[in-house]
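Every number in this text was worked out from the coordinates using simple rules, so none of it is lab data. Since this is a predicted model, take the numbers as computed values, not measurements. All Cβ positions, even for glycine, are placed from backbone atoms using ideal geometry, and neighbour counts span all protein chains on display.
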């Protein structure tokens with residue numbers, strides 16, 4: 001007999017009344033408060049006309065009210081429909097119409113779609129109290145509990161129907177597959193309309209654990225803050241976030257992420273290189289890889305820590321739990337004995353699978369055959385039952401009759417030290433002989449990437465027909481809402497530009513440069529310094545006045561004297577002072593204070609200096625306290641001794657050196673570029 005989450009929360013409210021159930025920053029709902037909220041919202045929902053069997057969509061924000069409304073809707077017997085909090089008004093309206101929604105709970109402006117969606121404030125329904133008590137009627141196991149809308153790889157959004165029985169088995173699989181405990185404090189920086197986030201949320205609440213919500217995938221400082229504030233024991237993230245967090249945390253990555261008891265990575269698969277690095281850097285943290293989908297929930301689980309140490313199944317996607325069956329089928333739907341050279345399409349069977357797609361009987365019939373859920377993923381299964389993923393069926397590259405799995409190429413290339421990430425696709429053979437050939441899109445690391453070197457690296461580790469015929473440099477790979485690589489976008493780019501990537505060397509340098517504050521002791525060649533300084537000299541100057549001066553300091557004693565003077569003066573004047581670590585060189589860019597364009601001229605020059613340095617693999621950071629300390633002692637004496645004209649302002653001090661580590665990847669603000677067409 002299955003248990004509903006509503007019934008379970010009611011029991012937990014008596015067992016753990018004061019225990020936090022859901023936390024977001026300063027907002028907390030204990031299990032007792034969550035249970036009370038469920039009853040209050042359920043009463044108000046009834047007054048708003050929500051009835052048993054209604055499909056009710058709402059914006060799944062990462063806040064406690066999402067959990068409360070979700071469970072209140074199930075309390076009254078409605079089918080919950082999750083909508084991405086960032087969904088466009090048109091997408092939200094489409095889903096509302098498709099599921100015949102009578103009401104849509106959101107606080108996001110819908111710009112003309114309000115009446116079509118019958119909008120009601122999510123915040124308002126969360127705070128309102130209904131006047132009557134609503135009796136909870138437990139559902140039948142096959143009743144529709146939830147719908148997760150997914151567009152998959154193509155087409156319009158479609159609703160995956162999950163019964164109460166399926167939802168129960170999904171959270172049970174998560175608990176058993178991961179080894180989640182009731183004393184867990186799980187950090188969840190994932191959108192709550194997505195299957196991965198929902199199965200973690202459900203599992204934690206069923207156990208009586210605590211869930212800490214976080215808005216967004218990539219806020220490393222927020223992860224650390226939540227760890228400090230709530231003593232989180234676990235985190236659920238996607239593979240792309242692993243790289244972003246690593247770059248943001250830099251040398252603190254192991255210290256911060258090592259505080260988790262376990263890290264679950266889902267919605268994709270970790271590369272072999274990522275697995276090795278995580279286990280190496282986080283020896284006391286359990287790394288788990290989960291594969292799942294909206295249609296199946298989490299179905300395959302891998303203890304990465306154990307497998308990396310054994311080195312036997314390091315590249316596996318995972319292994320199914322008891323009660324979950326996995327098989328490989330051929331193009332005719334027949335079960336096959338799969339292998340690496342003869343993969344098949346993955347089929348899944350178990351009580352956790354979806355009932356079908358909402359109002360799409362033909363698609364449901366194509367997807368579910370004799371109780372088996374047919375996926376588009378190509379796999380092989382080894383003798384121990386481990387499943388290995390080779391990619392989507394339509395991503396497999398047919399090279400003259402030989403099958404090439406993009407994942408295999410990416411795993412090999414991922415171990416090359418001078419790329420951050422890569423993605424392989426098939427393109428038409430330019431020679432017209434092989435049908436298709438592999439092309440690899442790469443994001444260089446620290447500007448040391450060499451296509452020739454990477455080609456030799458891959459060629460030494462795999463068969464000739466799997467070696468990419470072209471390498472296309474990019475500043476970043478296109479990704480979908482769950483940060484999975486968008487291969488369709490890459491194919492569109494190839495069709496438009498081919499090997500002539502729209503991202504040329506200049507743009508790549510601009511978009512990959514990061515501020516570097518820690519440097520090695522390796523000196524910079526003097527001739528190279530001349531080129532870097534000259535690049536600054538060739539920057540534009542207002543009215544071509546060129547009233548600037550470039551002072552290049554390489555002498556260690558002078559560097560320390562300038563640093564000490566700046567530190568002393570900054571302390572007196574309460575000026576922010578940081579970043580003066582151990583630069584090998586500092587270039588002072590000063591300009592005549594009487595030049596109204598002096599700041600702009602110096603800024604352009606400093607940018608030229610930093611970009612040119614980066615193109616040679618040299619890091620830089622802009623140090624700016626000198627511009628406000630020019631007349632303060634002891635800075636004034638040091639600058640006078642360096643020959644800086646008395647009427648000059650030092651607009652920028654550019655620190656240079658070879659990087660100790662990659663620079664911090666700062667999150668760029670969105671919606672700052674506006675088109676007027």
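Measuring spread by the Cα atoms of segment 604-650 yields a radius of gyration and Dmax of 13.3, 36 Å. Here residue 496 and residue 221 are evaluated by their C-beta separation; at R0 = 35 Å the FRET efficiency comes out at 0.40. In a fully extended conformation the segment linking residue 2 and residue 558 would gain 192.8 nm over its present Cα-Cα distance, using 0.36 nm per residue.
Taking the C-alpha atoms only, the angle from helix 526-537 to the longest principal axis of the chain is near 80 degrees. Treating each Cα of segment 416-559 as an identical point scatterer and ignoring solvent, apply the Debye formula and state log10 I(q)/I(0) at q = 0.09, 0.18, 0.21 Å⁻¹. The Debye formula, applied to the Cα set alone, gives -0.45, -1.12, -1.37.
Working from Cα pairs under 8 Å separated by at least six residues, relative contact order for the chain is 8 percent. In plain terms, the residue of 604, 599 with the fewest other Cβ atoms within 10 Å comes first and the most crowded comes last, giving 599, 604. By the beta-carbon count within 10 Å of each Cβ, the least crowded to most crowded order of 441, 2, fewest first, is 2, 441.
Output the Kirkwood hydrodynamic radius of segment 267-373, Cα pairs only, in Å rounded to one decimal.
Every distinct Cα pair counted, the radius reaches 15.5 Å.
The gain in end-to-end length when the residue 365 to residue 662 segment is fully stretched comes to 102.0 nm, 0.36 nm per residue minus the alpha carbon separation. Note on residue 309 and residue 277: their simple-model spin labels are 2.2 nm apart, each label 7 Å out from Cα toward Cβ. With equal scatterers on the alpha carbons only and no solvent term, can you work out the Debye log10 of I(q)/I(0) for segment 5-388 at 0.08, 0.09 1/Å? Scattering profile of segment 5-388, log10 relative to I(0): -0.41, -0.52. The angle separating the long axis of helix 220-230 from the principal Cα axis of greatest extent in the chain is about 60 degrees. Distance between the pseudo-spin-label points of residue 230 and residue 636 (7 Å out from Cα toward the beta carbon): 5.3 nm. Considering helices alone, the calculated mean residue ellipticity of the chain at 222 nm is -10000 deg cm²/dmol, with DSSP H runs of length four and up weighted by -39500 (n - 2.57) and normalised per residue. Sorted largest first, the spans of the alpha carbon positions of the chain along the three principal axes are 85, 68, 54 Å. Annotation: the residues 675, 548, 622, sorted from fewest to most other C-beta atoms within 10 Å of their own C-beta, follow the order 675, 622, 548.
Between residue 111 and residue 453, what is 0.36 nm times their sequence separation minus the Cα-Cα distance? Round to one decimal in nm. Extending this stretch completely gives an extra 118.0 nm. Ranked by the mean number of other Cβ atoms within 10 Å of their residues, highest first, the peptides 260-266, 85-91 come out as 260-266, 85-91. A compact globular protein would have a Cα radius of gyration near 2.2 N^0.38 Å; the ratio found for segment 113-222 is 1.29.
Take the Cα coordinates of segment 526-657, assign each an equal point scatterer, and use the Debye formula without solvent to give log10 I(q)/I(0) at q = 0.15, 0.16 Å⁻¹. Results for segment 526-657 at q = 0.15, 0.16 Å⁻¹ read -0.66, -0.75. The C-alpha atoms of the chain define a longest principal axis, and helix 164-178 lies at about 50 degrees to it. What share of all Cα pairs of segment 200-302, in percent, falls into each consecutive 10 Å distance bin? The calculated distribution, bin by bin, is 14, 50, 32, 4.
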